[in-house]
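Down below is the structure, laid out as structure tokens.
The values are calculated or read from the model by the stated rules, or taken from the named source; none is laboratory data. Model, not experiment: these values are computed from the prediction. Positions of Cβ are backbone-derived with ideal geometry, glycine not excepted, and every protein chain shown enters the neighbour counts. With ligands, DNA and RNA removed, areas are computed over all heavy atoms of the protein, side chains included. Shrake-Rupley method; radii C 1.70, N 1.55, O 1.52, S 1.80 Å.
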Amino acid sequence: MKHYLVVANQTLGGQHLIEELGRRVAAGPCHLHVVVPANVDPPGWTHTPDEARAEAEQRLLQAVERFGELGATVDGQVGDERPLDAMRDALRRWPCDEVILSTLPAGVSRWLGMDLVSRATRVLPVPVTHVEATEVP
């Protein structure tokens with residue numbers, strides 16, 4: 001059985017991610033551990049840390065149900081607001097074969113703006129696959 005760490009926030013419901021995970025499930029039995037970083041909005045926006053966590057928890061619940069419908073076993077957690085730290089924390093407890101990192105499109109994504117894909121690829125002990133949404137949810 002393959003084990004995947006799926007990291008996303010706003011893009012958890014995106015078709016691009018569903019299709020990517022569907023390919024993994026079609027290839028054989030797999031377990032998905034979903035991590036939703038509790039991102040707080042940039043200064044000047046309205047999210048507080050508590051609101052960000054509540055929103056991440058809601059997205060996680062929806063993702064666990066949706067991804068389970070693909071045929072995988074699924075669980076997950078809300079992670080640190082810093083996505084790279086959230087990935088590292090998860091990998092300490094849930095070793096996996098690959099990280100699947102889903103982002104908003106270039107130009108909109110704060111994660112791409114912070115060079116998260118390259119940073120994760122350099123420091124994480126497993127391969128990182130980046131899937132980019134084609135539209136903003």
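Taking the criterion of being assigned to a strand (DSSP E or B) and surrounded by 16 or more Cβ atoms within 10 Å (Cβ to Cβ), the residues of segment 64-87 that qualify are V74, G76, Q77, V78, G79. Hey, can you tell me all the residues within segment 79-120 that are of a type in the set (K, R) and out of contact with any helix residue (DSSP H, G or I) (no Cβ under 7 Å at 6 or more places or on another chain)? Passing the criteria: R82, R88, R92, R93, R110. Any residue at all in segment 95-105 that's loosely packed, with under 12 Cβ neighbours inside 10 Å and either under 22 Å from H33 (Cβ atoms) or free of Cβ contacts under 8 Å to residues at least 24 places away in the same chain (or both)? No, because not a single residue in segment 95-105 is loosely packed, with under 12 Cβ neighbours inside 10 Å and either under 22 Å from H33 (Cβ atoms) or free of Cβ contacts under 8 Å to residues at least 24 places away in the same chain (or both). A residue that is of a type in the set (D, E, K, R) and either part of a loop (DSSP other than H, G, I, E, B) or modelled with pLDDT of 95 or more (or both) occurs somewhere in segment 41-60. Here T48 meets the list (1) exposed (fewer than 12 other Cβ atoms within 10 Å of the Cβ); (2) β-branched (V, I, T); (3) within 14 Å of the chain's Cα centre (by Cα) almost entirely, failing just condition (3). One residue stands out among those in segment 51-63 that are farther than 18 Å from G22 by Cα and touching a strand residue (DSSP E or B) at 6+ places or on another chain (Cβ under 8 Å): the one that is surrounded by the fewest Cβ atoms within 10 Å (Cβ to Cβ), which is E57.
Of the residues in segment 89-109, how many are under 18 Å from L17 (Cβ atoms) and either at pLDDT below 90 or polar (S, T, N, Q) (or both)? Can you show your working first?
Start the filter on segment 89-109 by keeping residues that are under 18 Å from L17 (Cβ atoms), which leaves 90, 96-106, 108-109.
If we keep only those that are either at pLDDT below 90 or polar (S, T, N, Q) (or both) as well, we get 102-103, 108-109.
Of the residues in that region, 4 qualify.
Screening N9 with (1) open to solvent by less than 20 Å² (accessible area, probe 1.4 Å); (2) out of contact with any Phe, Trp or Tyr (no Cβ under 9 Å at 6 or more places or on another chain); (3) under 17 Å from S109 (Cβ atoms) gives one miss only, at (2).
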